[in-house]
Every structure is written in structure tokens, then in C-alpha cells.
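The values are calculated or read from the model by the stated rules, or taken from the named source; none is laboratory data. Quick caveat: nothing in here was measured; it's all calculated off a predicted structure. A quick note on method: Cβ atoms are made from the backbone with ideal geometry, for glycine too, and the neighbour counts reach across all protein chains shown. Each accessible area value is taken on the protein alone, full model and side chains, heavy atoms only, with ligands, DNA and RNA left out. Shrake-Rupley method; radii C 1.70, N 1.55, O 1.52, S 1.80 Å.
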Amino acid sequence: MEHILTLIVFFPFVAGLFGFFVNKESIKVFGISVAVIEFLLTVILWIGFDSSNAGYQFVEYFPLISQFGINYYMGVDGISLFLVVLSTFMTLVALIGLSITKDIKNLIITVLFLEMTLVGVFLSLDMILFYIFWELSLIPMLYIIGAWGSGQRIYAAIKFFLYTFAGSALMLVGILYLGYQYYLATGTWSFSVPDWHLLVLPFHTQLWLFGAFFLAFAVKVPMFPFHTWLPYAHGQAPTIGSVLLAAVMLKMGTYAFVRFSLPLFPDASLYFLYPIAIIAIIMVIYAAMVAYAQEDMKQVIAYSSISHMGIIILGIFALNAEGITGAIFLMLSHGIVSGALFLLVGVIYDRRHTKMMSEFGGLATVMPRYATIFGIVLFGAVGLPLTIGFVGEFLSLLGFYKVSWLMTLLAGTGIILGAVYMLVLFKRSFFGEVTHEENRKLKDLDKKEYVALIPLVALVVVLGIYPKPILHDIDMSVKKMIVLMEHKALLPKTKEFLIRVNSTGGTK
């Protein structure tokens, strides 16, 4: 267990290099085998994780460029643990459900490289290391959309890259400036996140740095009005690209808000709380209304992702244990549900080569098992009680209710709209008469699709009924972070706010 984090981060990359020597006929089995081993490594990490310890565990550290404070520094806590497990699990599911045969060898090696970068983002405790993994993750996704996408794939890939890269450039400026602030305060350079947690910044410095980091994270989430790259990317990406983009990559932005923005800039986080909450509510309602107007099933799910990310942002900026814990759980549930929905749309696209709702109708009679699984996942997406979607949404809204009941009520209307557009999608596609003769010959799910989808459906139900094992570990690390925020806050009103919204305790 001594170097398990390094093993988890770099195993997919090393295995991907060996993939160049595997023949085309065996590469999918090779890729799935690597993904299984990688997932099992994260399960071992979870089993070995000490649930009574809220701090970083399995820490690995050695100097890289010590004179400038750049180190190989990794660790995991309750905030990052399950995002790592989610990354490896969804990569495995996406590879099992893969139906692409064109240049499959390059595709699988690219996915393994992407997996390394995603896991690296969640485990890095050095900001330079974090930034490297953050930027490297753009390359494989750019390649996946551009090479295996459809229609305007080049335009979608370039737009995705330019938006996220531009935001990241500002973050780099912020990282360097914060490192310099640490140097001024201590006389030594450090880009270590735990070291930066000890740094108390003047209020105006917090505002500028919060803004620099915010733009990078907001583009990645994506928050309104930086969201326009996402529908294009999802619309043109192959199924495996959409699954990994929605399930894991969008969580990089929300994770970064929790890991960096809140504990590093507590006063600025409170200063910008209401403007960000207004943007989040716009995301929830506006994206839900746009989703309702879509004809393409993939676009409906893409806009529903933006709407759900709005709830996550609201939970994070509740600045209390209920909201932040709920937001992290909602990241996990959205990853599972959106990944499953994109896989399901991919199933029907492989058979009919269209994603338009008007081309379907009556699928429940032709593909009953497909319809059943779609229905269960859809219930999770709309946040029906006893499904995984309900837990995160409830806690996120409960947390923000302590901040503003009116804004919580507005966000709640977006959830109702979400139920409307998802049920309309289900009704138009699965019920009624079969109006297109070619749909009568559609085959129901095959073995490969069952293997990919059944674990996701099981998680939608099981974690909806019994989320406590995951909530406990997340909540403990979140409460530790909130204590740090209270300790670092310079302004009395920030301390008072944090005490007030956390006065009744977090989830038990």
C-alpha cells in the first residue's frame, strides 16, 4: 500500500504503452483487462482507507525541483476518494460498452491515457502537478472527439479545447502568483496545497486569485455563460467520449472549487456567494428549459448535465457540511446516471444511426428490457426518492436552504422542469404506437450491453437506498475543511456566516 497512489495513477499509462504491441483483434480485451485491474486497485484503496481519519492518507512525497517548491505530492481524503473510484469504474464501463471498431487500438490507448490524467487530477496535492494533469486531460479528449466524433467533430473538438485551455491559462497565472505570495510570507517556494492552507491572504488578494481560479473551474463545469462548448462536444463526441466527459471530466471543475477555492479563499468565497448562486440558478432553470426544447436525445442529456451541475454549484457554495457533502455525492450520482444515459443513447444510435426522438416511439414494446433499464436510470436522473439522484439533490438544496430559502425554491423549480423534459423524452421514445417500420426489427440489449449497464442500474438503486458508507467518509473530510475555512477567514462576517450555516451540524 506504500505506493498505491502512484500505481493507480500511472498503471493505465504504462499499460497503454504496452498496448502498442497488442494486435488489433485483442486490444479491446487488453483494454478491459487493464481497466479491471485499475478499478480493483481503487477498490483496494477504498478498503484500506481509514474512515476515522479526515486528513490526507496514503501520502507520497518526494522533491522534484526543490528550490522552487515543486514536488511529487499525492494523497487522498474523503473528498477525492470516491471521485477516483468513479473515474476508474466509469472508464471500465465505457470500455465494456464500446462498439467502435475504427482505429480501436488508438482509441483504447487514448482512453487509458485519459484515465491516468483524470485520476492524477483528483490525487495531486501539488498545484503544479495538478495543473499538468488538468491540462494533459484535454489532449486525449480533443483526440477522441476529433477522430471518432460525428458531423462537426473538428469544430466541436477545437471549441472544447480553446474554451478549457483559455480558462486554464488564467489559473496558471493564479497558481504562480499564489506561490509567490507564499514565498513572500515564508521565504521559501511551495506549491503544496497543505502548505497553502496555512497561508492567510489579504481580502483583496483573495478576490483576484478567486477570480483567476474561478474562470478555469467555471469553464470546466461548465457554468453559464461558459457552457456553450458542452452541447457541441456531447453532440459530436462518440458514446465513449460523452460517457467520460459527463461522468468524470465535468467533475474536475466542481472538485477544484471544493479542494482549492473554498479553503484557500474563504472570505472571497463568501463575497461571491450570491452572484455565483444566481448563476447556478440560471444554469438549473435555463438549461432545463433548453433541454425541453431539444429533439436530439443526446442534447437533452447534455443540457440536463448543465442543469444538474447548477445544483452541485449551489451545494458547494452553501458553505456548510450538508451542502458540500451533498454536492460531492451529487457529483458521483450524476457521473453514474449521465454515464448510463449516454450509454443507453449510444445503444439505440448503434441500431438506428439517429438520436432524434421523432424517429422513435413504442420502443417499450420492441425493446422491453432496454426500456426498463432506461426508465430506472431516468428515475435516478430526475431525483426520485430511493434513487441515487435524490440523495445528492436533497442534501445540496437542504444546505443552501440555510443560506436562502427563496433561491433554494427557485432551484427547486428547475428540478421539476427536469422531471418534465426527461419524462417527455421517455414518453415520446418508448410509449405509443411504433410509427417507423424499421423500429419493429430492433434487437433488445445484448450481453455486452447488459454487462455495461446492469452495474450502473444496481448503483442507482443501492446508493439511493443506503448512501451512508459514502456520505460518512465525504462528510468527515468536508467538516475538517470547513473548520479550516473558519480558522483562515479574516473578516468577522465570514466567520459569523460559517458558524451560522453550520450551526446545526452536518449529515450523520
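Could you tell me whether region 94-116 includes any residue that is open to solvent by 40 Å² or more (accessible area, probe 1.4 Å), without any contact (Cβ under 8 Å) to a residue 24 or more places away in the chain and not in a loop (DSSP other than H, G, I, E, B)?
Within region 94-116, none of the residues are open to solvent by 40 Å² or more (accessible area, probe 1.4 Å), without any contact (Cβ under 8 Å) to a residue 24 or more places away in the chain and not in a loop (DSSP other than H, G, I, E, B).
To keep it simple, each residue is scored yes or no on (1) part of a helix (DSSP H, G or I); (2) surrounded by fewer than 13 Cβ atoms within 10 Å (Cβ to Cβ); (3) not β-branched (Val, Ile, Thr).
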| position | (1), (2), (3) |
| --- | --- |
| Leu456 | yes, no, yes |
| Leu459 | yes, no, yes |
| Ile470 | yes, no, no |
| Asp475 | yes, no, yes |
| Val478 | yes, no, no |
| Glu486 | yes, no, yes |
| Thr494 | yes, no, no |
| Leu498 | yes, no, yes |
| Ser503 | no, yes, yes |
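Return only the number of the condition from (1) open to solvent by 10 Å² or more (accessible area, probe 1.4 Å); (2) in contact with a Gly (Cβ under 9 Å, 6 or more places away or on another chain); (3) not β-branched (Val, Ile, Thr) that Tyr274 does not satisfy.
(2)
Hand me the list of helices (runs of 4 or more DSSP H) wholly inside region 355-419 holding 3 or more residues that are open to solvent by less than 10 Å² (accessible area, probe 1.4 Å). Spell out the reasoning first.
Values: elements: 363-366, 368-381, 388-401.
Where helices (runs of 4 or more DSSP H) fall fully within region 355-419 and carry at least 3 residues being open to solvent by less than 10 Å² (accessible area, probe 1.4 Å), they are 368-381, 388-401.
Is at least one residue of region 438-450 of a type outside the set (Phe, Trp, Tyr), in contact with a helix residue (DSSP H, G or I) (Cβ under 6 Å, 6 or more places away or on another chain), in contact (Cβ under 8 Å) with a residue 60 or more places away in the chain and under 26 Å from Ala280 (Cβ atoms)?
No.
Which condition does Phe165 not pass, out of (1) under 29 Å from Ala15 (Cβ atoms); (2) open to solvent by less than 70 Å² (accessible area, probe 1.4 Å), if it passes all the others?
(2)
Name the single residue that is farthest from the chain's Cα centre (by Cα) among those in region 315-354 being aromatic (Phe, Trp, Tyr) and buried (at least 22 other Cβ atoms within 10 Å of the Cβ).
Residue satisfying both the conditions and the ranking: Phe317.
Say we look at region 308-352 and pick out the residues that are in contact with a Phe, Trp or Tyr (Cβ under 6 Å, 6 or more places away or on another chain) and in a helix (DSSP H, G or I); which of these is farthest from Met481 (Cα to Cα)?
Pass one, region 308-352, residues in contact with a Phe, Trp or Tyr (Cβ under 6 Å, 6 or more places away or on another chain): 314, 316, 318, 323, 332, 344.
Then drop every residue that is not in a helix (DSSP H, G or I), which leaves 314, 316, 323, 332, 344.
Details: Leu314: 17, Ile316: 12, Gly323: 13, Leu332: 19, Leu344: 38 Å.
Of everything passing the filter in region 308-352, Leu344 is farthest from Met481 (Cα to Cα).
Name the residue that is nearest to Phe113 (Cα to Cα), counting only residues in region 42-55 that are surrounded by 19 or more Cβ atoms within 10 Å (Cβ to Cβ) and of a type outside the set (Val, Ile, Thr). Don't jump to the end; show me each part of the working.
Restricting attention to region 42-55, the residues satisfying the condition of being surrounded by 19 or more Cβ atoms within 10 Å (Cβ to Cβ) are 42, 45, 54.
The next check asks that each one be of a type outside the set (Val, Ile, Thr); those that pass are 45, 54.
Working: Leu45: 21, Ala54: 30 Å.
Among those that are surrounded by 19 or more Cβ atoms within 10 Å (Cβ to Cβ) and of a type outside the set (Val, Ile, Thr), it is Leu45.
May I ask you to say which residue of Gly167, Gly174, Gly151 is in contact with a helix residue (DSSP H, G or I) (Cβ under 8 Å, 6 or more places away or on another chain) and part of a loop (DSSP other than H, G, I, E, B)?
Working: Gly167 fails: part of a loop (DSSP other than H, G, I, E, B); Gly174 fails: part of a loop (DSSP other than H, G, I, E, B).
None of the other options fit; the residue is Gly151.
Residue-by-condition table, conditions (1) under 16 Å from Val111 (Cα atoms); (2) touching a Leu at 6+ places or on another chain (Cβ under 7 Å):
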site: Thr6; (1), (2): no, no
site: Phe18; (1), (2): yes, no
site: Val29; (1), (2): yes, no
site: Val43; (1), (2): no, no
site: Phe49; (1), (2): no, yes
site: Gly55; (1), (2): no, no
site: Tyr61; (1), (2): no, no
site: Gly78; (1), (2): no, no
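Cβ-Cβ distance below 7 Å, separation of 6 or more or different chains: which pairs start in region 387-412 with a residue that is aromatic (Phe, Trp, Tyr) and end on one that is open to solvent by 50 Å² or more (accessible area, probe 1.4 Å)?
Every condition considered, the pairs that remain are Phe390/Leu384.
Pull up region 117-128, narrow it to residues that are under 23 Å from Ile65 (Cα atoms), in a helix (DSSP H, G or I) and touching a residue at least 60 places away in the same chain (Cβ under 8 Å), then point me to the one that is most open to solvent (accessible area, probe 1.4 Å). Before you say what the answer is, go through the steps one by one.
Step one: of region 117-128, the residues under 23 Å from Ile65 (Cα atoms) are 117, 119-128.
In the following step, the residues that additionally are in a helix (DSSP H, G or I) were identified as 117, 119-123, 127-128.
Filter once more, so that each one left must be touching a residue at least 60 places away in the same chain (Cβ under 8 Å): 119-123, 127-128.
Details: Val119: 0, Gly120: 0, Val121: 0, Phe122: 3, Leu123: 0, Met127: 0, Ile128: 30 Å².
Of everything passing the filter in region 117-128, Ile128 is most open to solvent (accessible area, probe 1.4 Å).
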